[in-house]
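To start, the structure under review is shown below, and the notes come after it.
Taken together, the values in this text are just the output of simple stated rules run on the coordinates, not laboratory data. Just so you know, these numbers come straight off a predicted model, no measurement behind them. Cβ coordinates were reconstructed from backbone atoms using ideal geometry, including for glycine residues, and neighbour counts include every protein chain displayed.
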Amino acid sequence: MIPDTNRLRRMSDPLPNLEPVDDESRPGRFLPYPVSTLSASILPSDLSSFRSRGAAGVERHFRRQMAELRNQYMALIDQFNWNKLVYEARFAFEPLVGETYHLYEMSDGFTLSMIEPARWRGKKWIASLVLTSGGHWEPVEVADGFDLRSLAAPEG
């Protein structure tokens, strides 16, 4: 059998480097994960306290957001009910933007008037409201004891 000349080392080829390898030159020395089966094993930490703290914090955050959304929703419902009450009331004039008007409860429903509560005695004053440029009614002052939510609640 004839030896394969391609596999034989020639005398002119340099010798392989047999010097010890410096630890700092190894590529896997500072990696955060093992690169060999002989590396030290990595055991996961106990994450139960992290999870419980995180879950409690997230739950508090979402409860706060839900309470804030509930308050915003109730404020929006109140705005809607004020506007519904005023636009369904009787009035014989066109209200001007920025002016204050007064809502009264009469025997046959609600009436919007320009007459101030101090001048119109004997009538049940409900609220004083201002018409905004967007066509919404904003309450300026509300009578003591008047509960808009009980008025808007369906009877059953």
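Look at Tyr101, Tyr87, Tyr33 and count the other Cβ atoms within 10 Å of each Cβ; fewest to most, that gives Tyr33, Tyr87, Tyr101. Positive end of the dipole of the range 55-152 (Cβ unit charges, origin at the Cα centre): among Leu96, Pro117, Leu69, the Cα lying farthest that way belongs to Leu69.
Would you mind classifying the range 55-152 by shape? Square roots of the alpha carbon gyration tensor eigenvalues, ordered a ≥ b ≥ c; an a/c under 1.5 is rounded, otherwise it is prolate if a/b is larger than b/c and oblate if not.
prolate
The 3J(HN,Hα) values that the Karplus relation (6.51, -1.76, 1.60; θ = phi - 60°) gives for the range 84-91 are, in residue order, 5, 4, 5, 5, 8, 6, 7, 7 Hz. Gly and Pro appear as x.
With both labels modelled 7 Å from their Cα along Cα-to-Cβ, the Arg53 to Phe146 distance reads 5.3 nm.
Neighbour counts of other Cβ atoms within 10 Å put Leu69, Leu129, Leu148 in the fewest-to-most order Leu69, Leu148, Leu129.
For Lys124, the residues whose modelled amide H falls within less than 5 Å of its own, excluding neighbours fewer than 5 places apart on the same chain, are Glu105.
For the range 36-156, averaging the sequence separation of C-alpha pairs within contact (under 8 Å, six or more residues apart) and dividing by the residue count gives a relative contact order of 19 percent. The stretch between Gln65 and Leu31 holds 8.1 nm of extra length on full extension. This uses 0.36 nm per residue minus the Cα-Cα distance. Remark: Ile126, Ile42, Ile77 ranked as Ile42, Ile77, Ile126, counting other beta-carbon atoms within 10 Å and listing the fewest first.
Once you charge only the Cβ atoms, +1 for Lys and Arg and -1 for Asp and Glu, what is the size of the charge dipole of the range 55-152 about its Cα centre, to the nearest 20 debye?
The calculation lands at about 280 debye.
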